[in-house]
Amino acid sequence: MDKMICRAALLGLMVGMSTAAIAATAISQKDKAFSQDSVAIRAGDRLSFVNDDSVTHDISVKSPDGVSRPGVLEKPGDQVEIAFEDVGTYQVRCLIHPKMKMTVDAR
Ligand SMILES: [Cu+2]
């Protein structure tokens, strides 16, 4: 948990609360792919990215306004939660594996 809080401070887009009652939708990273090509959520919701792979992945997010956030390195077994605050379509990429991409539609 400490690692997540540290990352939250670093990125400013993650929620480091461990007691939140609302479970975040989980997106798995396996075989160098996200488990979904796209997902629809409500603005402000979080997604939980889980590295179920044997290699490290990156999670880089481009916001609807075109601003790219710093990527997060995620080792095998790691779980990172990212909040999507604004309405619009986000592009999520792994900069290590260019074929890994998905979109997040926040409404
Ligand atoms: Cu990757």
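The values are calculated or read from the model by the stated rules, or taken from the named source; none is laboratory data. Since we're looking at a predicted model, the values are computed, not measured. Heads up, the Cβs are rebuilt from the backbone with ideal geometry, glycines too, and the neighbour counts pull from every protein chain shown.
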Neighbours by Cβ (under 8 Å, 6+ apart or cross-chain): first from the range 94-105, in contact (Cβ under 8 Å) with a residue 12 or more places away in the chain; second within 8 Å of the ligand (Cβ to nearest atom) and among the hydroxyl-bearing types (Ser, Thr, Tyr)
Ile96/Thr56
Give the residues of the range 38-60 that are among the aliphatic types (A, V, I, L, M) and either within 14 Å of the ligand (Cβ to nearest atom) or part of a loop (DSSP other than H, G, I, E, B) (or both), sorted by residue number.
Ala43, Val50, Val55, Ile59
Provide a single number: the residues in the range 4-58 that are closer than 11 Å to Met100 by Cβ and either modelled with pLDDT under 95 or of a type in the set (Lys, Arg) (or both).
2
If you take the residues of the range 61-72 that are crowded, with 16+ Cβ neighbours inside 10 Å and modelled with pLDDT of 95 or more, which of them is farthest from the ligand (Cβ to nearest atom)?
Pro64
For the range 19-37, enumerate the residues that are more than 19 Å from Asp86 (Cβ to Cβ), more than 11 Å from the ligand (Cβ to nearest atom) and not in a loop (DSSP other than H, G, I, E, B).
Ala26, Ser28
